[in-house]
Amino acid sequence: MRDRKEEIIRLAEPVFAEQFLKSSQATVRSCGQHRREVVGSFLGAFYEALDHAHRSQDRQEKGRIRYLHFSHLYSSLFLERYLIRIDVWDERFYNDPSGEEIYWDAGPIYGLFEDDIREIRKRLEWSVPRIRGYETDELRYAYAPFYHGLMKAFLEGMVDVLAESPALWKRGGAWADGARIAFGEYMGRADVLSVFSGEEGTDAIFLDPHG
C-alpha cells in the first residue's frame, strides 16, 4: 500500500504536466517579448564569470579552462529567488582555488514556479485533504525538473548563438581542448551542453555533444 507521500506524487504527476504546459508557453512568450532584457542580463553575468577567469589566468592563478558550469540551486525553490550559479574551473574542477561563483537571476525562466505550486496544491486538495507544508516542499522537489528542463533549453539556445561568434569566447582566456559546458545541480548530476574543440592560438569551436 502506498504511503501518503507516494500517493500525493502519483496524483500530482498528471497535474504537473498540465500546469507546466500552460506555464511554459507563457514563459516562452514573456521571454520573447522581453528578449533584450533577458539576454542582456544573462550575458552580463556570463561575461563577468569569463572576465574573472581571464584575470585569474593573467595572474597565473588558473590553468586553461576545462569546465564552464551552470548550476541550479535547490535553495532557490524555497527562497523564491531563482539563481543560476556560473563557475569557470580549470582541471581542478571544484578544487580550483581561483574560482569565483557568479550568479544570474533566472527569474524570467522560473518566475511562474511558485504560482504553479499553489495551483497544483489547490487542485490536489480535492483528493488529498489538508496538504501540509512539508508535503508542499515535496511537490516543489518533484516539480522542479520541469523548470530545469526549460532552463536547459534556454542555455542550449544561448550557447548556440554565442558559438556563432567564436571571438567572444576569448574573453574567457585560454580554453583546454575538450572543455565542457554543462548544466545541472550544483555538486550533483549535470548534462553536457557543448564541448570545446581546438588548439592553442585558434578560435574556440564548441560542438554539440550529441551531434
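The values are calculated or read from the model by the stated rules, or taken from the named source; none is laboratory data. Bear in mind that the values here come from a model prediction, so they are computed numbers and not experimental data. Methodologically, a virtual Cβ is constructed for each residue, glycine included, from the backbone with ideal geometry; neighbour enumeration extends over all protein chains shown. Surface areas here come from the heavy atoms of the whole protein model, side chains and all, with no ligands, DNA or RNA. Shrake-Rupley method; radii C 1.70, N 1.55, O 1.52, S 1.80 Å.
Seen from TYR103, the other residues with C-beta closer than 14 Å to its C-beta sum to a net charge of -3, counting Lys and Arg as +1 and Asp and Glu as -1.
Scoring 25-37, 47-59, 89-101 by mean Cβ neighbours within 10 Å over their residues and listing the highest first yields 47-59, 89-101, 25-37.
Simple spin-label estimate for ASP51 and SER197 gives 3.2 nm between the two label positions (7 Å along the Cα-to-Cβ direction from each Cα). Per-residue ellipticity at 222 nm, computed for the chain from helices alone with -39500 (n - 2.57) per DSSP H run of at least four residues, works out to -17000 deg cm²/dmol. With the convex hull of the Cα atoms taken as the outline of the range 90-182, the averaged projected area works out to 8.7 nm².
Over the chain, what is the mean sequence separation of C-alpha contacts under 8 Å (at least six apart), divided by residue count, expressed as relative contact order in percent? Over the chain, the number comes to 24 percent. Given 10 Å bins starting at zero, what is the percent of C-alpha pairs of the range 3-141 in each, up to the one with the largest pair distance? Here the calculated profile for the range 3-141 is 11, 30, 26, 20, 11, 2, 0.
Can you check how the C-alpha radius of gyration of the range 13-70 compares to 2.2 N^0.38 Å, as a plain ratio?
1.77
How much of the accessible area of the chain, in percent, comes from carbon and sulfur atoms when a 1.4 Å probe is used? Ligands and nucleic acids excluded, carbon and sulfur give 50 percent. The residues of the chain expose, per residue, 54 Å² of accessible area to a 1.4 Å probe. Distance from a point 7 Å along Cα→Cβ of GLU156 to each backbone N in the range 22-40: keep the residues under 20 Å and list them by number. Output list for this probe position: 22-32, 39.
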